[in-house]
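Read the structure below first, then the notes.
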Amino acid sequence: MDSTRVTEQPTSFERPQPGVDPADPRGAFLRSPAPAAGTGAALPVQGRSGGEPPAPGAATPGGPAPDAADGPASEHSQPGAGPDAEPDAHRPRPAPDGIPVQPADGQGRVDRAPGGAERRTGQVTRPGRPTPMRRDGDRLRFVGAATRRIARGIDLDEIVMGLCRATVPTFSDAILVYLRDPLPVGDERPTGPLVLRLRRTDRIPPERDTEGGGFMPIAPPEQPSELDSVGEELCTVQPGSALAEVLRGVRPVFTDAPAARAALPELLGEEGAAAVPDGQRAVLAPLRGRRRVIGAALFLRRPERIPFEADDLLVAAQLATHSALGIDKAVLYGREAYIADELQRTMLPETLPRCTGVRLASRYLPAAETARVGGDWYDAIPLPGSRVALVVGDVMGHSMTSAAIMGQLRTTAQTLAGLDLPPQEVLHHLDEQAQRLGVDRMATCLYAVYDPVAHRITVANAGHPPPVLLHLGGRAEVLRVPAGAPIGVGGVDFEAVELEAPAGATLLLYTDGLVESRLRDVWTGIEQLREKLAATAQLTGPDHPPPLEALCDEVLDMLGPGDRDDDIALLAARFDGIAPSDVAYWFLEPEDAAPGRARRLARRQLSRWGMDELSDSVELLVSEVVTNAVRYASRPVTLRLLRTDVLRCEVGDDVPQLPRLRQARATDEGGRGLYLVNRLARRWGATRLSTGKVVWFELNHG
């Protein structure tokens, strides 16, 4: 066999050996046949330059000399398998993954064959010393095992670590892996100079050979090796430099070559280059991806170990090629995962709003960590009158397309909620939007509006699992709401129901991934969810509802190992409500006297609540907002005060145009009302209704 031909193919033409288990961890050592006597097929002993042929009658490396007493050599014979072979305990220990490793001295044990001829078994004198890779088959097995280990990695760190662990100590004593910074992705054309950053180093730790029976003698920790000083964190490859020429050549080179020796100071620094062993004990291998050089790997052997051979350059080339292609794919995978994460993050609410009279908590779990996008979504949208819209939906599938459709439907739902449409009308418009997006754009959705003043909730459903209401006493019930047809079917009427929402109760909205899987149907899962909520409520007693965040975690704990078949979106709402004693409501006729009457009503109500310190500010702001309302209104204007953790004032009229904040000129008689509201109020806003608009502002109170 030509010793210069090394390929990736792990295929071997050797015949199976009797009594050898293919799964034996010693791998290639038991399966490597010795060459037949007299064929001249044995490779020279490593460390001998050129490999001089043995003298007639002398022992050939790895097998006995031709002798009539020994008989013809069998192609199934193994080194050291004769009568004088050492017991199995003295056989060499293979490296991890069955990769054969090379020894420090390259010397085998000499036995006396029957008849007096010497033969070299290939085993080292000390127990545990590995045999050298004397044949092309050993190198092929090493490359196959090493590339398999590299291919196991998915992300960048795993691939680089696989390269290091596969080569140290089997192929080299130390390795330095440099990667381009930043790494280009796909077809991106890198800008600026080529900068290499030291990504990872790996060396034989001293504790591996503390008793001298391991791979090779290692200096103790207090006497660091010269290899420990090799390497710098960052280097810039100058155009036309020696390092640039070596990287452009793509092929691995020995560092004793003039071009490579000139490139080492640029890569490692002057001190690092001086620490590189002389002779053919260092290999510099460029890492080339699909389109460009993306880094370099430096393989090092210590001076007491045999140097690299010409065939080792082919091994280094295979390792560099597989690693570079794996790094390219890992970078592409990382970019796709980043895009998926960003897409999902931007299409789901970062934080839930703080709404009056209700507390909110949410959870989202993707179907798989490797594809963290899906079609499930949830939302909480503040509405006029201190109400809040609670939405949860599920687009068919959990792919990037499903996530994109989910984002469009969620945006549509937010826009429709801003118009303060009834829940059944919101679902009707969502159904029309889904049909406009394309064929088979199916989704389920549940839309609920909670009114903390009336302590009521209005729910409309489009083919979604029903919500579960956990009462303050610990009773959990599945709400009876019309199922409806999924969004996207078309031509279907949706129905809304109004239900009681008592203070202290918790409403749980979820997607079917929480209650349905291959192991259970949806109604079995809903019943398990109801029982889980009731059991959790019993832990805190009948007078105290469970903490909202902890309740969400307990609900997710009901998922078993086989229950994660789909995305999961969860939205929990704790109804605190607003007591009737904390609400004041009036109707004002659209006349000139309305602002003065509004000031008197507000002052009187603040006095009842013991909030006289806010009277001046509230009177001024109420007067300005009511004045703007009665100027254009044709129907009675509403004024409402709500006392919660803040004081909220709402003024409603039948004019749909929203007021805009603008800077009034010195000669203008008006236009300063909203400027005062913006300066004095904690927050303010305006929301369009189906019958007009509401302008509101909030003030802090002690």
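The values are calculated or read from the model by the stated rules, or taken from the named source; none is laboratory data. This structure is a prediction, so every number in the text was calculated from the model and none was measured. All Cβ positions, glycine included, derive from the backbone under ideal geometry; neighbour counts span all protein chains shown. The protein model used for the area step is the full one, side chains on, heavy atoms only, and it has no ligands, DNA or RNA in it. Shrake-Rupley method; radii C 1.70, N 1.55, O 1.52, S 1.80 Å.
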statement: In this structure, the FRET efficiency calculated for M396 and L548 from their beta-carbon separation, with R0 = 41 Å, to the nearest 0.05, is 0.85
- line: Residue-normalised value, i.e. accessible area per residue, for the range 584-702 at 1.4 Å probe, in Å², stands at 56 Å²
- request: If a/c stays under 1.5 just call it rounded; otherwise compare a/b with b/c (prolate if a/b is bigger, oblate if not). Do that for the range 475-578, with a ≥ b ≥ c from the square roots of the Cα gyration tensor eigenvalues.
  value: oblate
statement: If each K or R counts +1 and each D or E counts -1, the residues other than D376 whose Cβ falls under 11 Å of its Cβ total -2
message: Just to verify a number: FRET efficiency for D616 and T691, C-beta to C-beta distance, R0 = 35 Å, to 0.05?
response: 0.60
field: Cα gyration tensor, the range 561-612 - rounded (a/c under 1.5), prolate or oblate
entry: prolate
query: Could you give the nm distance between label points at R345 and E589, where each point is 7 Å from its Cα heading toward the beta carbon?
result: 5.8 nm
task: Give the carbon-plus-sulfur fraction of the accessible surface of the range 571-702 in %, rounded to a whole number; probe 1.4 Å, heavy atoms of protein chains only.
output: 45 percent
- request: Could you tell me the distance between the Cα centroids of the range 485-521 and the range 556-620, to the nearest Å?
  value: 26 Å
message: If each residue of separation counts as 0.36 nm, what is the full-extension length gain between R354 and R197 once their alpha-carbon separation is subtracted?
response: 51.9 nm
query: Spin-label point model (7 Å from Cα, Cβ direction): what's the D440 to L601 distance in nm?
result: 5.8 nm
task: State, as an integer percentage, the relative contact order of the range 413-482 based on alpha-carbon contacts under 8 Å between residues 6 or more apart.
output: 23 percent
- request: Find the relative contact order for the range 336-435 and round it to a whole percent, using C-alpha pairs within less than 8 Å whose residues are 6+ positions apart.
  value: 24 percent
- prompt: What's the extension gain from Y675 to Q414 if we count 0.36 nm per residue and subtract their Cα-Cα distance?
  reply: 91.2 nm
query: Leaving out ligands, DNA and RNA, what percent of the accessible area of the range 309-365 is carbon and sulfur, probe 1.4 Å?
result: 57 percent
message: Using a probe radius of 1.4 Å on heavy atoms only, what accessible surface per residue do you get for the range 410-497? Whole Å² is fine.
response: 40 Å²
query: So how much accessible area does R682 have, in Å² to the nearest 10, using a 1.4 Å probe?
result: 120 Å²
Cα gyration tensor shape for the range 483-529, rounded if a/c is under 1.5, else prolate or oblate: oblate
task: Hey, for a label at E233 modelled as a point 7 Å past Cα toward Cβ, could you say which residues of the range 137-173 have their backbone N under 20 Å away?
output: 157
- line: Reported to the nearest 10 Å², T356 has, with a 1.4 Å probe, an accessible area equal to 30 Å²
- request: Would you rank T415, T201 by solvent-accessible area, highest first, keeping every protein chain in place and using a 1.4 Å probe?
  value: T415, T201
- request: Give me the accessible area of E650, 1.4 Å probe, in Å² rounded to the nearest 10.
  value: 10 Å²
- line: E477 and A244 label points (each 7 Å along its Cα→Cβ direction) are spaced in nm at 7.9 nm
- line: On the formula 1/(1 + (r/R0)^6), with r taken between the Cβ atoms of V492 and Y338 and R0 of 45 Å, the FRET efficiency rounded to 0.05 is 0.70
task: Report, to the nearest whole %, how much of the accessible area of the range 386-433 belongs to carbon and sulfur atoms, 1.4 Å probe, protein only.
output: 59 percent
